[in-house]
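Quick note: the coordinates plus some simple rules give every number you see, no bench work behind them. All values derive from a computational prediction rather than experimental measurement. As a convention, Cβ positions derive from the backbone with ideal geometry for all residues, glycine included, and neighbour counts pool all protein chains shown.
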Amino acid sequence: MTAMALTTETLRTAGSRLAAAADTLAPELNTLDGQIGDGDLGVTLQLATGAMAEVLLGLPDDVGLAFMQCAQAVTRAASSSFGTLLATALMSAAKATKGRTDVPWTDIPALLAGAIASIKQRGKADLGDKTVLDALEAARLATDGLDDPAAQLAAADAAIAEALEAFCGRPNKVGRARIWADRTIGLDDPGMVALKRIVESLRG
C-alpha cells in the first residue's frame, strides 16, 4: 500500500533501502569519481547511508526533526564534498518540515527546490554547471503536480536520465573537475549518477 504522505516511517524505509544498496553502488561511483575527482564518492555514500541507518529506529515522529537527525549523522560520518551537500539538502528539508508529522507528496518539488537553493549557496555552484544540482532540478520539474510517490520516483528517474544524456557532452564547471574541464566532456558527472542510483534504489 502506498503511504498517504511522507512520514518518519517513510524516511526509515528509504534510509534502509539506501544503506542496503550502497555497497553495490560504491564501485561504480568510485570509478566515475576517479575520472575527475578523488575517487571516493562511493565510499562517501556508504558512510553517509550507514550513519543514517544507525539512527533510523530512534527518529522522532516530527519529520523535520527526523530529517535533521539524519543530516547530523551524515555530517559526522561523511565530510567530503558530496557528504556535505547531502547533509545540506537534508537540513533544508528539516527546516521546511519541522513540526509536521506528515508531509503531502505534492510538497516534494518544493522540498527539492529548497535543497537546490541551499546547495547552490553552500557549494558555490549553479544550474548548468554539470553537477548534482542539474539532476535535482530535473527531478523537481518532473515531480511537479504529481501526488503519488511511485509516480514521482518514476518521473524523477526518467528526467535524471535525460539530464545525464543532455549534460554528458558538456564540461564540468565547478570543483576539481573544472581544472581539466575539457577532459570531462563525454563523461557523466558522478554526482548526477549518484542521484540517479539513489532514485533507482528508492524505487525498489
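Hey, can you tell me all the residues within region 33-60 that are aliphatic (A, V, I, L, M) and either assigned to a helix (DSSP H, G or I) or in contact with a Phe, Trp or Tyr (Cβ under 6 Å, 6 or more places away or on another chain) (or both)? Reasoning before the result, please.
Of region 33-60, the ones aliphatic (A, V, I, L, M) are 36, 41, 43, 45, 47-48, 51-53, 55-57, 59.
Across region 33-60, the qualifying residues are 36, 41, 43, 45, 47, 48, 51, 52, 53, 55, 56, 57.
Do the conditions hold for residue 144, that is, is it under 20 Å from residue 160 (Cα atoms), charged (D, E, K, R) and more than 15 Å from the chain's Cα centre (by Cα)?
yes
Taking region 121-161 as the range and being closer than 15 Å to residue 172 by Cα and surrounded by fewer than 19 Cβ atoms within 10 Å (Cβ to Cβ) as the test, the residues that pass are 124, 126, 127, 128. Taken over region 1-11, the residue count meeting the criterion of being free of Cβ contacts under 8 Å to residues at least 60 places away in the same chain, part of a helix (DSSP H, G or I) and over 16 Å from the mean Cα position of the chain (by Cα) is 1.
Does region 119-167 hold any residues that are charged (D, E, K, R) and assigned to a loop (DSSP other than H, G, I, E, B), and which are they? Hits for region 119-167 are 124, 126, 129, 130, 144, 147, 148. Scanning region 19-29 for residues that are surrounded by fewer than 20 Cβ atoms within 10 Å (Cβ to Cβ), without any contact (Cβ under 8 Å) to a residue 40 or more places away in the chain and polar (S, T, N, Q) turns up at least one hit. Summed over region 51-60, residues that are under 27 Å from residue 188 (Cβ atoms) and surrounded by fewer than 18 Cβ atoms within 10 Å (Cβ to Cβ) total 0.
Checking each residue in region 119-165 for being over 19 Å from residue 91 (Cα atoms), without any contact (Cβ under 8 Å) to a residue 40 or more places away in the chain and among the β-branched types (Val, Ile, Thr) picks out 143, 160.
Please work out if residue 24 is more than 20 Å from residue 75 (Cα to Cα), hydroxyl-bearing (Ser, Thr, Tyr) and touching a strand residue (DSSP E or B) at 6+ places or on another chain (Cβ under 9 Å). Criteria not met by residue 24. One residue stands out among those in region 61-118 that are out of contact with any helix residue (DSSP H, G or I) (no Cβ under 6 Å at 6 or more places or on another chain), part of a helix (DSSP H, G or I) and without any contact (Cβ under 8 Å) to a residue 24 or more places away in the chain: the one that is surrounded by the fewest Cβ atoms within 10 Å (Cβ to Cβ), which is 110.
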